[in-house]
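Asker: The structure follows.
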Amino acid sequence: MSKKVDNIIIVETSDIIYEGIFSILTNTGQPYKIHLADNLRELEQLNIRTKADLVFINPVLIQNQLKDFHSLKKELNDTRWIGIVYTYFDQQLLSIFDEIIYINDTPDKIITSVQKFFSEQNPGNQNQQQKTLSEREIDVLKLLVSGNANKEIADKLNISTHTVISHRKKISQKTGIKSVSGLTIYAVVNSIISINDYRE
Amino acid sequence: MFIVSEMKISDVIIENPYLILMLEHLGINLEVHDKTIEQICNESNISTELFLTIANLFNGFKPLPITEYTSNDIQTIIKYLKNSHQYYMEEKYPQIQDYFEKINKINDHAEIIMIGKFFDKYFLEVTEHLDYENDVVFPYVLDLNNLLTHKNSDKAVSSYSVTEYKKHHDDIEEKLTDLNNLLIKYLPQKNDQQIRRKLLFCLFELEYDLKIHSQIEETILIPLVEKMEHLAKKRK
């Protein structure tokens, strides 16, 4: 059910080019989420940028802001960058990008360069889907919702407080619930503790 | 869409209707005709820079810090925050409470009763937090503002500092997310789909507004007040 949607940002001033890339990507039928930014500064302000898997960017827009671009690239270290090239650029500038597309490339070639990145990532996506709690996590959860502090849980299970904290992080990631009172309800609903154990 | 001052306010609202709520918090009436943002701001005595910062927060952009302290901006921000408190307390939370009661009538699972209690407790925490802002933080900011604008003001400003506020500023949003997840993923359902949907829509609306609310406090108000504290110290 939870099919991964890939976020793509296109940083380009020409509407024709933007619409062109947009329709080439949408025609693939893949559930890409495509966003537009007009320039580097706007990209820096897009909240979605931190979730961007791929950014198409016209090298013209970074030419005089290389410093800003490098710091952005550092911030978004999981993001892949594709240069949209339609005039001559110095090879050194182009070497910043992970991939280059040229304005006269066929749609197939452009799609191939996009899909290349996403197929690289796919194996990792699959095992992240495991949402059930491990036995150890259930032990931690039981003690947590019956009112024990991290230190007490650590003592009872004979593990370090640090390990307890990392279990708790995993539990919250898998369930989507962070607060102890919320987790208590989760534990009751999933019969991890009985409703009779629940006290306010 | 990144909002700029020449845009017609009606276009911007049609693109993101949540901005209606922003206007309401700022005390700007609808029936905006074909006015641009700049015109509306001038008429309402709100700085365009501040308006754009908040509006773009609503549109998902990260705010540009307001660099310059002005008394007017501070008054606008406090007004916005106070109005949104009123919206939570008098409109949103009673609405949510009402939905919970309705669900309880149809669905008597023990877990549903638990989540009702979860909400009640959460609501108490929220009330405490909003009261604290209304009673301590906002008056302090306004006093400080007064001190900086009226040269001869001899009204003593409490020795409070915004650093304390930073500490106190705990996350109301976290439990709201928990609530959504419990209602969507885990809680047993029994003929309550429609009310549950209404409840969830209501919670999403609240979540959206609260998120912007705390962004305004953390990224706009607190840095400005730090500037004001610095200015006030220099004057002594």
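Asker: With surrounded by 16 or more Cβ atoms within 10 Å (Cβ to Cβ), in contact with a His (Cβ under 7 Å, 6 or more places away or on another chain), among the aliphatic types (A, V, I, L, M) and within 14 Å of chain B (Cβ to nearest Cβ) as the only criterion, which of A:LEU46, A:LEU72 stands out?
Answerer: Of the residues listed, the single one that is surrounded by 16 or more Cβ atoms within 10 Å (Cβ to Cβ), in contact with a His (Cβ under 7 Å, 6 or more places away or on another chain), among the aliphatic types (A, V, I, L, M) and within 14 Å of chain B (Cβ to nearest Cβ) is A:LEU46.
Asker: Identify all residues within segment A:20-55 that are over 23 Å from A:LYS116 (Cβ atoms) and charged (D, E, K, R); write none if there are none.
Answerer: A:ASP38, A:ARG41, A:GLU42, A:GLU44, listed by residue number.
Asker: Another question, then. Taking B:TYR80 as the residue in question, decide whether it is surrounded by 15 or more Cβ atoms within 10 Å (Cβ to Cβ), among the hydroxyl-bearing types (Ser, Thr, Tyr) and closer than 18 Å to B:TYR18 by Cα.
Answerer: Yes; evaluated as a whole, the condition is true for this residue.
Asker: Right, next: For residues that are under 14 Å from B:ILE103 (Cβ atoms) and touching an Asp or Glu at 6+ places or on another chain (Cβ under 8 Å), scanning just segment B:172-189, find the one that is surrounded by the fewest Cβ atoms within 10 Å (Cβ to Cβ).
Answerer: B:PRO188
Asker: I would also like to ask the following. Which one of these does B:PHE204 not meet: (1) modelled with pLDDT under 90; (2) away from every other protein chain (no Cβ under 14 Å); (3) in contact with a helix residue (DSSP H, G or I) (Cβ under 9 Å, 6 or more places away or on another chain)?
Answerer: Condition not satisfied by B:PHE204: (1).
Asker: Within segment B:83-96, is there a residue that is modelled with pLDDT of 90 or more and farther than 19 Å from B:LEU21 by Cβ?
Answerer: no
Asker: Can you report the number of residues in segment B:23-62 which are under 20 Å from B:LEU224 (Cβ atoms), under 17 Å from the mean Cα position of the chain (by Cα) and assigned to a loop (DSSP other than H, G, I, E, B)?
Answerer: Qualifying residue count, segment B:23-62: 2.
Asker: Note down all Cβ pairs under 7 Å where the first residue falls in segment B:96-121 and is in contact (Cβ under 8 Å) with a residue 60 or more places away in the chain and of a type in the set (Val, Ile, Thr), the second is surrounded by fewer than 18 Cβ atoms within 10 Å (Cβ to Cβ) and not in a loop (DSSP other than H, G, I, E, B), and they're at least six residues apart or on different chains.
Answerer: Sorted first by the residue in segment B:96-121, then by its partner, the pairs are B:ILE96/B:CYS202; B:ILE112/B:ASN104.
Asker: Show the residue pairs that are 6+ apart or on different chains and have beta-carbon atoms under 7 Å apart, the first residue being within segment A:168-180 and away from chain B (no Cβ under 11 Å), the second being among the β-branched types (Val, Ile, Thr).
Answerer: Taking only residues 6 or more apart or on different chains, the pairs are A:ARG168/A:VAL140; A:ILE171/A:VAL140.
Here's the yes/no breakdown for (1) crowded, with 20+ Cβ neighbours inside 10 Å; (2) away from chain A (no Cβ under 14 Å); (3) modelled with pLDDT of 90 or more; (4) more than 20 Å from B:MET1 (Cβ to Cβ):
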residue	(1), (2), (3), (4)
B:ILE20	no, yes, yes, no
B:LEU23	no, yes, yes, no
B:LEU26	yes, yes, yes, no
B:LYS35	no, yes, yes, no
B:ASN42	no, yes, yes, yes
B:SER47	no, yes, yes, yes
B:LEU50	yes, yes, yes, no
B:THR53	yes, no, yes, no
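Asker: Which residues, counting only those in segment B:122-132, are without any contact (Cβ under 8 Å) to a residue 40 or more places away in the chain and more than 14 Å from chain A (Cβ to nearest Cβ)?
Answerer: B:THR127, B:GLU128, B:ASP131, B:TYR132
Asker: Would it be correct to say that A:LEU36 is surrounded by 13 or more Cβ atoms within 10 Å (Cβ to Cβ), in the same structural domain as A:THR112 (by TED's automatic domain parsing), assigned to a helix (DSSP H, G or I) and not acidic (Asp, Glu)?
Answerer: no
Asker: Any idea which residue in segment B:63-90 is nearest to the other protein chains (Cβ to nearest Cβ), counting only those that are free of Cβ contacts under 8 Å to residues at least 60 places away in the same chain and assigned to a loop (DSSP other than H, G, I, E, B)?
Answerer: B:LEU64
The values are calculated or read from the model by the stated rules, or taken from the named source; none is laboratory data. Predicted model, so just to flag it, every value in this text is computed and none were measured. Cβ atoms come from the backbone with ideal geometry, glycine included; neighbour counts cover every protein chain shown.
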